[in-house]
Amino acid sequence: RNNKRLFGGQPQRGDVVVFRHPVTGRDYIKRLIGLPGDKVKIKDGKISINDQKVETVDAGIFVETYAPQGPFRNQPRCSNNPKKFGEDCEKFRIKSTLPDGRSFFNLDTFKGENIGNSIYNVPSGHYFFMGDNRDCSSDSRFLNNVGYVKQLNLVGKARIIFFSNDNRKDSFMKFWKWNKNL
């Protein structure tokens, strides 16, 4: 399978990509952070790629409903510690800018305190992904789960994400809330 045509060339850092999970084989979606041969360093909540910082600035507060989420109905992690379902769940919204100037938004429950401290050397033919909800993402930081993703597992670039986290029945119809900022 030739994945290059799905990206109009090679996938780029900052793309949101659908890939086959290396363990389960299911479709998975995350943001591409590291290309083959890159060194991704995470220290004290800060990310650098090939010794160049990923710049971050505060971009306000993200608010969602504190309710069971996803297929496993997990409780979301919130910076404001709500006590009852239905209350507001707050997370810090961060604007991240990659060394090449591409920017995107991500969420951080603990302002960078919980994303790990490690160095990842991305092998040839593999990619390094991170979720945009950094404190609640199973991604390439977990080498015994997602780990480095083989190029053959790439499916294509995501164009739009439109499902809500909290699985409310009415959220699909609220098209004005769809995330078009990929």
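On full extension, the segment bounded by Cys78 and Ser138 gains 19.9 nm, given 0.36 nm per residue less the C-alpha separation.
Dividing the Cα radius of gyration of the stretch 12-139 by its Kirkwood radius returns 0.98 for Rg/Rh. Each of Asn50 and Arg20 was given a label point 7 Å from its Cα along the Cα-to-Cβ line. The distance between the two points is 2.9 nm. Gain on full extension, evaluated as 0.36 nm per residue between Asp27 and Gln10 minus their Cα-Cα distance, stands at 4.2 nm.
Here are some pairs, Lys111/Lys157; Lys53/Lys150; Lys43/Lys95; which of them have Cα atoms lying more than 21 Å apart in this structure?
Details: Lys111/Lys157 28 Å; Lys53/Lys150 25 Å; Lys43/Lys95 18 Å.
Beyond 21 Å between Cα atoms: Lys111/Lys157; Lys53/Lys150.
Fully extended, how many nm does the chain gain between Ala59 and Asn117 (0.36 nm per residue separation, minus their Cα-Cα distance)?
On the way: separation 58, 0.36 × 58 = 20.88 nm, distance 2.36 nm.
Additional length available on full extension: 18.5 nm.
When the residues Lys111, Lys157, Lys83 are ordered by accessible surface, computed with a 1.4 Å probe over the protein chains alone, the sequence from largest down reads Lys83, Lys111, Lys157. Among 46-54, 122-130, the peptide with the highest mean count of other Cβ atoms within 10 Å heads the list, and the full ranking is 122-130, 46-54. By accessible area, using a 1.4 Å probe on protein heavy atoms only, the stretch 50-109 has 48% of its surface on carbon and sulfur.
The values are calculated or read from the model by the stated rules, or taken from the named source; none is laboratory data. Computed from a predicted model, the values in this text were never measured in an experiment. Heads up, the Cβs are rebuilt from the backbone with ideal geometry, glycines too, and the neighbour counts pull from every protein chain shown. Protein only, heavy atoms only, side chains kept; ligands, DNA and RNA dropped before computing areas. Shrake-Rupley method; radii C 1.70, N 1.55, O 1.52, S 1.80 Å.
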